[in-house]
Amino acid sequence: MSRRIPGLTVLLLALGCAASRPAPTPPPLAAVPSAPVDAWRSTQPAPLAAVPPFRAPVPVQRGLPNRLPVLLRENHAVPVVVVELAIRTGVDGDPPDLPGLADFMAAALDEGTRTRSNQQLAEQLEDLAASLSVSPGLDGIRIHLNCLTETLAPALDLLADVALNPAFRPADVERVRGITLTGLKQRRGSPGALASDEVARLLYGARHPWGQPAGGTLESVRAIRRQDLVRFHDTYFRPNNALLSVSGDFEPSTILTLLAERFGAWRPRALPPSRLPPFPKEGPRTVITVDMPDSTQSQLALATRTIPATHPDALALSAANVALGGMFTSRLNHQLREVRGWTYGMGSGVGFNKRTGVFQVRGSVVAAHTVDSLKDIEAELTRFSGGDITPAELSEAKEGILQSLPSALETNDAVASTFVTLSNLGRPLDWYATLPTRLGALSQEDVVRVSRAYLSPAKLPVVVVGPRKDQDGLAGLQLGAVVDRTAEAKDPGKVAAPPAVPAAR
Amino acid sequence: MRPRAVVLSWLLFLAAAPAFAASEASIPFQEFTLPNGLRVFLSEDHRAPQVTVNVWYHVGAANQGSGKSGFAHLFEHMMFAGSLHVPDPDKVLSAVGAGVGGSANGSTNFDRTDYYETVPASQLPVALWIESDRMGFLLQALDAQKLATQRDVVSNERRQSYENRPYGLAQLELCDTLYPKPHPYFHCVIGSIEEIQAASMDDIRGFFREYYAPRNATLALVGDFDPKVARELVTRYFGDLPGGAEPKRPDVPQPRLQGVVEKTIPDHIARIPQLQMVWNGVKPFAPDEAAGDLLSVILGGSKTSRLYRRLVEEKQIASSAGAGNASLGLGGYFQIVATAREGHTVAEMRREVEAVLADFRRTGPTAAELERAKRITVGGMVRSVERISGKADQLNAYAFWTGDPGFLSKDIARYRAVTAAQVLEAARTLLPPDRVLVLDVEPTAPSAPGARP
């Protein structure tokens, strides 16, 4: 058991801060022990001489003739190559009546190709000591390959085969459907999953694909047909809607040839126009409750939409979030855990995508202190969004963001995926390389301003998944109208299914 | 030759020809021991300007007394509550930039406890300052209020990680059945809330004096440092700490299952039944451990494994199926876990698992299965040292279990050398059909949606 849960993942890799501290003088090592033991131990040691700052990797941009962009970063530290093929459509490609289609398609994608059964595919990957995974997201699907330098060519064969020639054999599709339905049913018992689905519905709306229960509903997954998978793949898996990101021990003179041999014949095609509904307007604040009578804890979530990744305030918002709830020592965790002892961890996170962003406070608290915890969170948010952030807090946030970069970008897996994320977000590919300068320029006033603008609790709907018997006084907090959604949350398809529009497929 | 952070000869590892059976992988390091008994491992890695500091204490749940479940882990929390000269280590780490990304933490398991932080290379002295101060001067800074808070925090950790998580309580039942009182693994590492809440300041003081000393620890530094400077710093911060008594390794006989033990566990979070079959297992680096590990991969370690194929793909009665060989210092366990597919039952899954095992006990693995399992296992070992934090952990782990921090290449050779006959033998001896714990986790009927009390 670890002492602590990591704070809410600060969804993007962190951010960074100024390398603007003066280079410190190295301490005279030999001189120190002559002082009395306690005295020298009581003083925090000075830093060693500054080392050259971390340089975040920036990819070389190339492309194949069929408009497939390629991002390359050489790294010969370990004999591994990571290739991530990113499709730029994910859950946002789900038709209104088929929530869960992108997830279903992603789950079925690596279950066999036209020339390889699912077992042959798995065996061949294992024989190469390679790993391949398919990850669906709100705005994309990623196929991630980690292989050894020596087996790059045959491993790329498998990646390309999975991406371009999935078979979607009926038997495989039905197996994936059964497993998917099982997973959806399991989610209905999980306090964390129930809270996430409620948050998504509040932020994106019941008509938006992002506002649907993650993975769809039992009804929609039962209704998805093989040809829906084929059509989704055929529509969105196009080189003009994709990106190849490569990091590792490849040979720069041959990598493009290797990629072109496998992806060069992939034909571009225009994508259908996106018909996503607008995000819902902000309504009066509500408190959603889902009753879990037997739980010993309540899962809490307070969340709001913020700004897209390219908004000029995004960096300041990330820094503000770290100070408020992105570190172990941040206010939320300090108050709820270290002062009160009501939780194993309370934190906040910001995430961005191309269209919007999300700020969320999240954690589980002992059921008996559900209402007390909400009161404390509300007080911290009120104080913080009122502009109460100290220079020391801001400095810790900026330094933390900056110093987390080397670890966050340590592996080829992380680097290849980070390039994809930057590209999806519409951020420049040298975002992390330039971060120290931009973070250094961030002022106290900037952070106070964005905190006021985006983090006011008056904007944050509240979700409480826990025993109702421990919610006496919840309405008295006057956070907003308390709405019981137990029935809908635990059986979303049956109660609140979007109207079926089969003709639209 | 391009410099490589991890020295590897992958061609040997990969070559299918039996002549190339062994692979070479190593973490270059140097070692010294302070006069107080602290063993120190230094491994340079200059890929990025950061350094990771990792301390292993040779103490875990195994060292708890009976009725003190959860105590070693609760104690770990107290190590972050401040020491004599460093009243708030977390605050110090945040100030030097180690507050984001979860790079400063600790963990407790059945047999050991570790503390680690990754800091900017220039802040190596701060990391050593914090680790040495809590190794030498913890007790002077502790008080009853801090203990009371962490008792509550850990109780919430138990609620979050076990009580409110599907199949969490089954894990505790496994420990309680395999390690009945007064065994120190009873209630697993997390412990019972009642016993966590009963922990006193005297318990904390006694545990610290007995186990938290240089002679019972190892220290690994990996990253961007000058080894000469690092050695001076380590000597300065740790050199004058009293070494402590010669560490005692706990010696508790491993209780043995005497028959087929069947238990049904109601679970109010899970919505899908789960089967767990559990056998008495081995200790780390026991002679049959490597064969047992490969057995677990062949049975349930990947999509090509026997259990996955049979239960998930052919019979389609399970949504997942896996196996694991948990080696623990006081004797581990071998576990098969299968979660049903909706509409299917534990009884169906058990029949199929038993059929797969009966078949395997007759014939053992195919050559291809064994080779695949070796590649998956060795690949995992090598990838685990891609990060500096992984390297530091491995140096300490090998030092703890084998005495040799540089055991990685020998460890890989140990797996490469396993034969099909040894895996077959492991299946026969490790998984006897008549001495097994069978857990049937059954979702309790969910309360009527929306019903008001």
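Readers should treat all values here as calculations from the given coordinates under stated rules, not as data from a laboratory. None of these values were measured; they are calculated from a predicted model. Neighbour counts run over all protein chains shown; Cβ positions are idealised from the backbone, glycine included.
For the stretch B:29-35, putting each phi into the Karplus relation 6.51 cos²θ - 1.76 cosθ + 1.60 with θ = phi - 60° gives couplings of 7, 10, 9, 8, 10, 6, x Hz, in residue order, rounded to whole numbers and with x for Gly and Pro. Phi-derived couplings, Karplus 6.51 cos²θ - 1.76 cosθ + 1.60 at θ = phi - 60°, listed residue by residue for the stretch A:436-452: x, 5, 5, 5, x, 7, 6, 9, 3, 5, 4, 5, 4, 4, 5, 4, 4 Hz, with x used for Gly and Pro. Once amide H atoms are built 1.01 Å from N in the peptide plane, which residues 5 or more positions from A:Tyr344, or in another chain, come under 5 Å H to H? The answer is A:Ser364. Excluding residues on the same chain fewer than 8 positions from B:Lys248, give the lysines whose Cα lies under 30 Å from its Cα. Partners found: B:Lys68, B:Lys146, B:Lys181, B:Lys283, B:Lys391, B:Lys410.
With Cβ to Cβ distances under 12 Å as the rule, what net charge do the other residues near B:Asp152 carry (K, R +1; D, E -1)? Walk me through the numbers on the way to the answer.
Values: positive: A:Arg337, A:Arg340, B:Lys146, B:Arg151, B:Arg158, B:Arg159; negative: A:Glu338, B:Glu157.
Residues close to B:Asp152 contribute a combined charge of +4.
So which of B:Lys303/B:Lys374; A:Lys185/B:Lys303; A:Lys185/B:Lys315; A:Lys398/B:Lys91 end up more than 18 Å apart, counting from Cα to Cα? In this structure, A:Lys185/B:Lys303; A:Lys185/B:Lys315 lie more than 18 Å apart at Cα.
Can you give me the Cα centroid spacing of the stretch A:91-146 and the stretch B:252-293 in angstrom? Answer, in whole Å: 33. Close amide H pairs (under 5 Å, H built 1.01 Å from N) link A:Asp249 with A:Asn75, A:Val80, A:Val81, A:Val82, residues at least 5 positions away or on another chain. I need the shape label for the stretch A:348-505. Rule: rounded when a/c is under 1.5, else prolate if a/b > b/c, else oblate, with a, b, c from the alpha carbon gyration tensor. Here the stretch A:348-505 falls in the oblate category. Karplus-based coupling profile of the stretch A:412-422, in residue order and whole Hz: 4, 4, 5, 5, 4, 5, 5, 4, 4, 4, 4, with θ = phi - 60° in 6.51 cos²θ - 1.76 cosθ + 1.60 and x standing for Gly or Pro.
Count the DSSP beta bridges whose two residues both fall in the stretch B:260-443, then state the antiparallel fraction as a percent rounded to the nearest 5.
Values: 20 of 28 bridges.
Bridges in the stretch B:260-443 are about 70 percent antiparallel.
Taking 16 Å as the straight-line reach from the Cα of A:Lys469, the aspartates and glutamates in range (excluding those fewer than 8 positions away in the same chain) are A:Asp291, A:Asp294, A:Asp372, A:Asp484. Which of the three applies to chain B, rounded, prolate or oblate, going by the alpha-carbon gyration tensor with a ≥ b ≥ c and a/c under 1.5 meaning rounded? Cα axes put chain B in the oblate bin.
Does chain A come out rounded, prolate or oblate, given a ≥ b ≥ c as the square roots of the eigenvalues of its C-alpha gyration tensor, rounded meaning a/c under 1.5 and, failing that, prolate meaning a/b above b/c?
Working: a/c = 1.92, a/b = 1.12, b/c = 1.71.
Here chain A falls in the oblate category.
For the stretch A:67-263, a simple Cβ point-charge model (Lys and Arg +1, Asp and Glu -1, everything else neutral) yields a dipole of about 760 debye relative to the Cα centre. Projecting the Cα atoms of A:Gly426, A:Ala193, A:Gln444 onto the charge dipole of chain A (Cβ charges, centred on the Cα centre) puts A:Gly426 farthest toward the positive pole.
Rounded to the nearest 5, what is the percent of antiparallel bridges among the DSSP beta bridges in chain A?
Details: 47 of 61 bridges.
That works out to approximately 75 percent antiparallel.
What's the average, rounded to a whole number, of partner chain beta-carbon atoms within 10 Å of each residue's beta-carbon in A:411-418? Don't jump to the answer; show the numbers that get you there.
Working: counts 4, 1, 2, 1, 0, 0, 0, 0.
The mean count of partner-chain Cβ atoms within 10 Å per residue comes to 1.
Can you tell me the relative contact order of the stretch A:67-263? Whole percent, Cα pairs under 8 Å, sequence separation 6 or more.
Details: 339 pairs, mean separation 79.7, N = 197.
Answer for the stretch A:67-263 is 40 percent.
Near B:Gln171: Cβ cut-off under 15 Å, other residues only, Lys/Arg at +1 and Asp/Glu at -1. The net charge is -2. Averaged over the residues of peptide A:290-298, the number of Cβ atoms from other protein chains lying within 10 Å of each residue's Cβ is 5.
Beta bridges assigned by DSSP with both partners in chain B are antiparallel in approximately 75 percent of cases. Once backbone amide H atoms are built at 1.01 Å from N, A:Thr286 has A:Val462 as its partners under 5 Å, excluding neighbours fewer than 5 places away on the same chain.
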